[in-house]
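Trainee: Pasting a structure below so you can have a look.
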Amino acid sequence: MSSTRRFTHVSPLQEYLLERRDEGLIGFVPTMGALHEGHLSLVDKALEECDTVVISIFVNPKQFNNAQDLEKYPRTIEKDIKLLGDREVVVFHPEFSDVYPDKAFEVKLDLGNIADVMEGKFRPGHFDGVVTVVSRLFDIVNPDKAYFGEKDYQQLAVIHRMVEVQERLVEVVPCPILREESGLAMSSRNMLLSNEDKTKASGIYRLLNEAIQRIDERSPKLLAEELRVEFTSEGFDLEYIDITHPLTLETLQNEWVDGARIFIACYIGGVRLIDNIAVK
Ligand code: AMP
């Protein structure tokens, strides 16, 4: 028996949440579906900390800068609902027109450097799309707490900034990256990989993990250069490797800072994968 409540339209959801608000905190987990254990870890954290948990499942076209990527993105709603099992959650699974009654709706914020580098540089317009959909979903759900994974660490930084700029009262809760046993970061896109490509993709975490063991002898700049050579020689189609400050996301050159992070984006079998790791 499923304990989920499903809503497609905004008004019935909001009516229900109005009742629930009297019971206590509302937690929110925005997703694009094709759920996996990584998503569930966010849901479970929200269930621990909140009285009502809303999970949205919406593939937001506005954050895709590549039509093929959008088309290929997995959509598995009935499987997603099953995976939620007996968790008592509210599933918001809107259509495009529910989220965007005005097709051209757009939120544009000056997010500075954090939105210009890495994903911002290689996926132009991506963070405008993210900020637009999360703003709209926050307006609809009006959560007390919202849960985001460090798997999309730069997105998390962007959301923190957005909340600050928009002076929202929501608390943004970062959640650690869940990985397969092989080390591969869980991702909806992994289901697009062949078994062979999955094995290859587990090399991402292996190389990142090896890299953080040898930071004492190398500057961030040198380590990044080494990683580029290693990934390329192992046959990865690399988009970027960057080692940055954890808050400003500025590239580190000669000095390490506490919490520095290594970021990677690459393609395997035509599938775009991202990962990151904190330097201890
Ligand atoms: P997505 O459906 O890919 O937009 O992801 C929805 C949320 O789940 C985002 O906050 C992601 O960062 C988070 N997430 C995705 N994969 C993982 C993972 N492997 N571990 C933790 N959080 C994740």
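The values are calculated or read from the model by the stated rules, or taken from the named source; none is laboratory data. In this text, all values refer to a predicted model and were calculated from it rather than measured experimentally. Quick reminder, even Gly has a Cβ in these numbers, built from the backbone with ideal geometry, and neighbours come from all protein chains shown. We work out accessible area using only protein heavy atoms, side chains counted, and drop any ligands, DNA or RNA first. Shrake-Rupley method; radii C 1.70, N 1.55, O 1.52, S 1.80 Å.
Trainee: If the convex hull of the alpha-carbon atoms of the chain is projected onto planes in all directions, what is the mean projected area in square nanometres?
Mentor: Across all orientations, the chain yields a mean hull projection of 14.9 nm².
Trainee: Run through segment 152-225 and list the GluC sites (Glu not before Pro) located in a DSSP loop whose Cβ has at most 14 other Cβ atoms within 10 Å.
Mentor: Listed in order of number, the matching sites are Glu167, Glu181.
Trainee: Hey, how many Å between the Cα centroid of segment 235-261 and the Cα centroid of segment 51-68?
Mentor: 27
Trainee: What is the set of long-range amide H partners of Phe28 at a cut-off below 5 Å, with H atoms built 1.01 Å from backbone N?
Mentor: Under 5 Å from the amide H of Phe28: Val54, Lys145, Ala146, Tyr147.
Trainee: How many Lys pairs in the chain lie less than 24 angstrom apart by Cα atoms, where the lysines are 8 or more positions apart or on different chains?
Mentor: 29
Trainee: Please report the net charge: other residues with Cβ closer than 13 Å to the Cβ of Glu19, K and R +1, D and E -1. Could you put the intermediate results ahead of the total?
Mentor: Numbers: positive: Arg5, Arg20, Arg21; negative: Glu15, Asp22, Glu23, Asp51.
In short, -1.
Trainee: Pulled fully out, how much extra length does the chain show between Lys82 and Lys198, if you take 0.36 nm times their separation in residues and subtract their Cα-Cα distance?
Mentor: My answer for the length gained is 39.3 nm.
Trainee: For the chain, what does the helix formula give at 222 nm: sum of -39500 (n - 2.57) over DSSP H segments with n ≥ 4, over the residue count, nearest 500 deg cm²/dmol?
Mentor: Helix-only estimate at 222 nm: -11500 deg cm²/dmol.
Trainee: State the percentage of accessible surface on the chain attributable to carbon and sulfur atoms; use a 1.4 Å probe and exclude ligands, DNA and RNA. Spell out each step's value before the answer.
Mentor: On the way: 6340 of 13510 Å².
Heavy-atom surface of the chain belonging to carbon and sulfur, 1.4 Å probe: 47 percent.
Trainee: Give the long-range amide H neighbours of Tyr240: residues separated by 5 or more places, or on another chain, with amide H under 5 Å away, using H modelled in the peptide plane at 1.01 Å from N.
Mentor: Excluding prolines and chain starts, which carry no amide H, the hits are Ala265.
Trainee: Continuing with the same structure: Sort all Cα-Cα distances of segment 46-164 into consecutive 5 angstrom bins from zero, then give the percent of pairs in each bin up to the one containing the longest distance.
Mentor: 2, 9, 18, 22, 22, 16, 8, 2, 0
Trainee: Evaluate E = 1/(1 + (r/R0)^6) for Glu181 and Glu234, where r is the Cβ-Cβ distance and R0 equals 22 Å; express this FRET efficiency to the nearest 0.05.
Mentor: 0.65
Trainee: Would you calculate the separation in nanometres between label points at Lys108 and Met191, each defined as 7 Å from the Cα along the Cα-to-beta-carbon direction?
Mentor: 3.6
Trainee: Moving to a separate point now. Each residue of segment 95-109 in turn: what ³J(HN,Hα) in whole Hz from Karplus with 6.51, -1.76, 1.60 and θ = phi - 60°, glycine and Pro shown as x?
Mentor: Running phi through 6.51 cos²θ - 1.76 cosθ + 1.60 with θ = phi - 60° gives 8, 3, 6, 6, 6, 10, x, 9, 3, 8, 3, 8, 10, 10, 10 Hz.
Trainee: For the chain, give me the percentage of DSSP beta bridges that are antiparallel, rounded to the nearest 5 percent.
Mentor: Here the antiparallel bridges make up roughly 45 percent for the chain.
Trainee: Relative contact order of segment 78-182: what whole-number percent is it, with Cα pairs under 8 angstrom and at least 6 residues apart?
Mentor: 25
Trainee: If I ignore ligands, DNA and RNA and count only protein heavy atoms, how much of Thr248 is accessible to a 1.4 Å probe, in Å² to the nearest 10?
Mentor: About 50 Å², rounded to the nearest 10.
Trainee: Would you please name the trypsin sites (Lys or Arg not before Pro) within segment 52-93 that are DSSP coil residues with at most 14 other C-beta atoms within 10 Å of their C-beta?
Mentor: Working: sites: Lys62, Lys72, Arg75, Lys79, Lys82, Arg87; in loops: Arg75, Arg87.
Passing sites in segment 52-93 are Arg75.
Trainee: Also, quick follow-up: What accessible area per residue, rounded to a whole number of Å², is obtained for segment 142-250 using a probe radius of 1.4 Å?
Mentor: 49
Trainee: Could I ask something else about it? What distance in nm lies between label points placed 7 Å from Cα along the C-beta direction at Ala67 and Tyr267?
Mentor: Taking the two extended label points, one gets 1.7 nm.
Trainee: At 1.4 Å probe radius, can you tell me the per residue accessible area of segment 39-108 in Å²? Could you put the intermediate results ahead of the total?
Mentor: Values: 3660 Å² over 70 residues.
Result: 52 Å² per residue.
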